[in-house]
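Let me begin by presenting the structure, written as structure tokens, before commenting on it.
The values are calculated or read from the model by the stated rules, or taken from the named source; none is laboratory data. No experiment lies behind these values; they were computed from the predicted model shown. Don't worry about glycine lacking a Cβ; one is built from the backbone with ideal geometry, like all the others, and counts go over all protein chains shown.
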Amino acid sequence: MRSRLNGICLKAVSYHLPLLAPVEPFAVDLHWTVQQPVADDFILFIHLLDDDGQSVSGVNAYPLEHAYRTYEWQPGETIISSTKLDVPASFAPAAYSFELGMFLAYDFESVPNIGADKEVNGDRILFGPVKVRRPAIKLPADSVPVKIMLAGELELIGYRVDALPAVSRPLQLTVWWRGVRPAAKD
């Protein structure tokens, strides 16, 4: 992220796990470089977003808390800030994203981001997806357990016949799958 206002450039973003775990903090590390003197004291925002783009958890704070304010950052420096977001216990299994940006404390207006092409790219940067895994399931007693591996990525672990075929009704099955590793294709 480079802004016309602040001369701060976001060089790298790392988050420790692409999987969110309810009640465990989600840690995001940001690597900044300073390209010119910074005149203002900026507040960083990082928000987890649901699939509708609504903030479900977030932090608005100085990048290095109160230790080293942005107006003290010097040209040529690399600054690494770490932020932890709370992941509520109520988070449903799904894909989430997160956004980040900066704003000024006295007007709460987000600072525009300027890309390498010198064009304004909005006032926030979007990352993700990060996911909350579905909990492991236990096959119901009326299911038939099987182990059929597909492409080394998915495993059929069980099925149940819900309705046998009839003249006007197809066979109805319930099947249970387990992901073995991230799928190469959808």
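Side notes on the structure shown:
- Test: residue in the stretch 137-154 that is within 25 Å of PRO88 (Cβ to Cβ) and under 26 Å from the mean Cα position of the chain (by Cα): yes
- Applying the set (1) in a loop (DSSP other than H, G, I, E, B); (2) of a type in the set (Lys, Arg); (3) in contact (Cβ under 8 Å) with a residue 60 or more places away in the chain to LYS118 leaves exactly one unmet item: (3).
- Test for ALA89: is it part of a loop (DSSP other than H, G, I, E, B), small (Gly, Ala, Ser) and touching a residue at least 12 places away in the same chain (Cβ under 8 Å): yes
- Only one of GLY76, GLY58 that is surrounded by 14 or more Cβ atoms within 10 Å (Cβ to Cβ), over 30 Å from TRP177 (Cβ atoms) and modelled with pLDDT of 85 or more: GLY58
- ARG124 fulfils the conditions (1) surrounded by 14 or more Cβ atoms within 10 Å (Cβ to Cβ); (2) farther than 30 Å from ARG160 by Cβ; (3) touching a Lys or Arg at 6+ places or on another chain (Cβ under 8 Å) except for a single criterion, (3).
- Test: residue in the stretch 101-111 that is among the β-branched types (Val, Ile, Thr) and in a loop (DSSP other than H, G, I, E, B): yes
- Residue within the stretch 136-156 that is under 28 Å from HIS47 (Cα atoms) and assigned to a loop (DSSP other than H, G, I, E, B) present: yes
- Whichever residue in the stretch 84-114 is closer than 18 Å to LEU49 by Cα and of a type in the set (Phe, Trp, Tyr) and, among such residues, is surrounded by the most Cβ atoms within 10 Å (Cβ to Cβ): PHE98
- The number of residues in the stretch 30-79 that are within 19 Å of the chain's Cα centre (by Cα) and within 21 Å of PRO112 (Cα to Cα) comes to 16.
- Of the strands (runs of 3 or more DSSP E) lying entirely inside the stretch 1-77, those containing at least 1 residues that are free of Cβ contacts under 8 Å to residues at least 40 places away in the same chain and under 19 Å from PRO129 (Cα atoms) span 8-15, 55-61.
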